[in-house]
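Peer 1: So that we are looking at the same thing, I have put the structure below in structure tokens.
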Ligand SMILES: CC(C)(COP(=O)(O)OP(=O)(O)OC[C@H]1O[C@@H](n2cnc3c(N)ncnc32)[C@H](O)[C@@H]1OP(=O)(O)O)[C@@H](O)C(=O)NCCC(=O)NCCS
């Protein structure tokens with residue numbers, strides 16, 4: 001477990017977190033993953049890296065979540081799959097009531113750090129053409145649009161924009177990553193950047 005500041009921790013996702021992650025997903029995604037997909041990913045620790053961002057301590061249960069075991073300490077989550085030199089961001093989400101407060105940036109920085117730690121050279125992801133907010137966040141991390149997959153999203157036939165990092169070891173990418181870490185540091189006192197995602 002990594003302490004980001006007294007109230008925030010970014011830690012590896014556990015099976016016990018899946019119900020809450022799914023409940024958040026149902027709120028923010030048109031096509032949430034089936035539970036088994038998470039269990040499969042969590043069982044593949046060598047290639048997969050899934051995290052939850054958690055606020056520590058006593059937290060009130062927010063309104064509107066149906067499941068009895070909803071864990072109100074979970075703010076958001078993210079995941080990545082590594083194949084050879086490439087790390088593929090498979091999912092990232094922040095509880096709707098807590099969006100646009102800097103939490104997505106922390107989770108995404110954790111995934112980029114994990115890509116370095118896993119020895120990947122590139123990071124790639126898909127995003128809906130309509131998802132300007134997410135695209136802006138990825139661009140701030142130095143991601144570029146490299147293509148489009150026609151009708152990729154089956155719920156509404158929307159295209160996916162494919163984004164790509166270039167080499168994560170390039171000075172340009174590192175500079176953008178550092179700038180995001182500085183922003184996080186300014187917003188989250190006590191962040192240990194080298195420890196963003198390490199450990200359990
Ligand atoms: C995309 C998402 C993960 C970003 O997390 P977040 O905590 O809301 O974002 P942050 O506050 O960390 O913002 C990071 C940047 O994203 C962009 N952004 C995020 N939310 C935004 C909003 N509501 N309006 C405008 N820009 C926004 C901005 O560029 C922002 O940088 P800024 O703080 O300089 O404005 C989150 O909004 C989310 O869960 N959305 C629904 C699920 C989703 O679309 N996931 C991505 C699939 S590819």
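Peer 1: Filter segment 96-128 down to the residues that are more than 9 Å from the ligand (Cβ to nearest atom), touching a helix residue (DSSP H, G or I) at 6+ places or on another chain (Cβ under 7 Å) and free of Cβ contacts under 8 Å to residues at least 60 places away in the same chain and list them by number.
Peer 2: Residue satisfying the conditions is 123 alone.
Peer 1: Can you find, within segment 56-86, the residue that is surrounded by the fewest Cβ atoms within 10 Å (Cβ to Cβ) among those that are over 21 Å from the mean Cα position of the chain (by Cα) and at positive phi?
Peer 2: Among them, the one singled out is 57.
Peer 1: Is it true that some residue in segment 43-51 is modelled with pLDDT of 90 or more, part of a strand (DSSP E or B), more than 30 Å from residue 156 (Cβ to Cβ) and under 15 Å from the mean Cα position of the chain (by Cα)?
Peer 2: Taking every residue of segment 43-51 in turn, none turns out to be modelled with pLDDT of 90 or more, part of a strand (DSSP E or B), more than 30 Å from residue 156 (Cβ to Cβ) and under 15 Å from the mean Cα position of the chain (by Cα).
Peer 1: Is segment 2-9 home to any residue that is modelled with pLDDT of 95 or more and within 16 Å of the ligand (Cβ to nearest atom)?
Peer 2: Scanning segment 2-9, I find no residue that is modelled with pLDDT of 95 or more and within 16 Å of the ligand (Cβ to nearest atom), so the answer is no.
Peer 1: Can you tell me which residue is farthest from residue 32 (Cα to Cα) among those in segment 50-95 that are touching a helix residue (DSSP H, G or I) at 6+ places or on another chain (Cβ under 8 Å) and more than 16 Å from the ligand (Cβ to nearest atom)?
Peer 2: 82
Peer 1: Also, I was wondering about something else. Picking from 120, 109, 134, which residue would you name as being modelled with pLDDT of 95 or more and within 20 Å of residue 9 (Cα to Cα)?
Peer 2: Criteria check complete, one pass: 109.
Peer 1: On the basis of being crowded, with 21+ Cβ neighbours inside 10 Å, outside any strand (DSSP E or B) and under 16 Å from the mean Cα position of the chain (by Cα), does residue 25 make the cut?
Peer 2: no
The values are calculated or read from the model by the stated rules, or taken from the named source; none is laboratory data. Only a predicted model underlies this, so the values are computations on that prediction, with no experimental measurement involved. Don't worry about glycine lacking a Cβ; one is built from the backbone with ideal geometry, like all the others, and counts go over all protein chains shown.
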